[in-house]
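Okay, so here's the structure we're looking at.
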């Protein structure tokens with residue numbers, strides 16, 4: 001299937017993945033100059049991202065997986081069975097990665113701006129070396145998490161640029177607090193904004209790297225079966241991210257009302273976007 005795409009398709013998909021990954025840099029900048037009041041806006045953004053990813057996974061990506069399997073099996077029940085196996089396999093893969101990362105540096109354990117500010121040396125943590133280590137390990141943990149996200153963004157963008165743009169934007173928003181979680185501990189330990197910024201930026205590079213590695217692994221074996229498996233796993237990864245990271249983080253930065261408002265708004269915008277695209281095409 002990959003040979004059906006042109007050079008521009010690959011370039012656009014890669015650039016979208018790069019944009020999503022490097023939004024951790026934007027999170028670092030916000031951390032340096034932000035105040036706690038901006039948490040509400042971040043909560044809305046995270047809820048919005050979850051809504052987008054949940055809606056597009058169930059309404060579009062899983063359907064694409066099913067369509068791919070149907071072309072092979074010509075049987076709807078068997079195709080749906082394969083989709084479910086791949087979908088829950090993607091969730092399991094994300095859960096295993098999550099389990100391997102220590103809880104204290106896990107990006108799925110979100111902290112508010114005020115909680116991150118309490119990591120300053122003159123508060124609870126007195127040892128700057130320990131604080132620096134926390135930031136570095138957080139960067140590594142987030143880099144590991146970003147790897148499959150980059151692959152998901154790349155594949156989605158390659159198959160459908162309109163969906164890819166939406167997913168890239170959603171992942172970019174959810175990478176903002178991850179950039180904050182990396183930069184603040186390192187900044188408070190070293191008093192060096194440049195160093196904190198680059199640690200956040202480097203963690204985001206895991207997403208385009210994930211896209212490249214995934215592409216070269218799948219390229220030799222790409223066909224309808226591989227495409228169906230890939231889309232099923234991608235949907236599972238995005239659902240896991242939404243429920244395990246985005247929605248809990250939205251509650252941390254805001255409250256139940258901001259979270260559900262952002263969630264519904266994200267679904268609504270995604271629904272209108274897909275409807276408009278289908279109408280135009």
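The values are calculated or read from the model by the stated rules, or taken from the named source; none is laboratory data. Fair warning: this is a prediction, and the values are worked out from it, not measured in the lab. Here Cβ is always computed from backbone atoms with ideal geometry, including for glycine, and neighbour counts include all displayed protein chains.
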(message) On the basis of being at pLDDT 75 or above, assigned to a helix (DSSP H, G or I), more than 16 Å from the chain's Cα centre (by Cα) and surrounded by 22 or more Cβ atoms within 10 Å (Cβ to Cβ), does residue 50 make the cut?
(response) no
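Quick grid of which residues meet (1) at pLDDT below 85; (2) surrounded by 15 or more Cβ atoms within 10 Å (Cβ to Cβ); (3) in contact with a strand residue (DSSP E or B) (Cβ under 6 Å, 6 or more places away or on another chain); (4) part of a helix (DSSP H, G or I):
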position: 31; (1), (2), (3), (4): yes, yes, no, yes
position: 38; (1), (2), (3), (4): yes, no, no, yes
position: 54; (1), (2), (3), (4): no, yes, no, yes
position: 71; (1), (2), (3), (4): no, no, no, yes
position: 101; (1), (2), (3), (4): yes, yes, no, no
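If you check residue 258 against the conditions, is it assigned to a helix (DSSP H, G or I) and at pLDDT 85 or above?
Details: assigned to a helix (DSSP H, G or I): yes; at pLDDT 85 or above: yes.
Against the criterion (assigned to a helix (DSSP H, G or I) and at pLDDT 85 or above), residue 258 qualifies.
Quick check: anything in the stretch 216-223 within 23 Å of residue 95 (Cα to Cα), surrounded by 15 or more Cβ atoms within 10 Å (Cβ to Cβ) and touching a residue at least 60 places away in the same chain (Cβ under 8 Å)?
yes
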(message) Going by what's in this entry, would residue 91 be described as farther than 17 Å from residue 246 by Cα and either modelled with pLDDT of 85 or more or part of a loop (DSSP other than H, G, I, E, B) (or both)?
(response) no
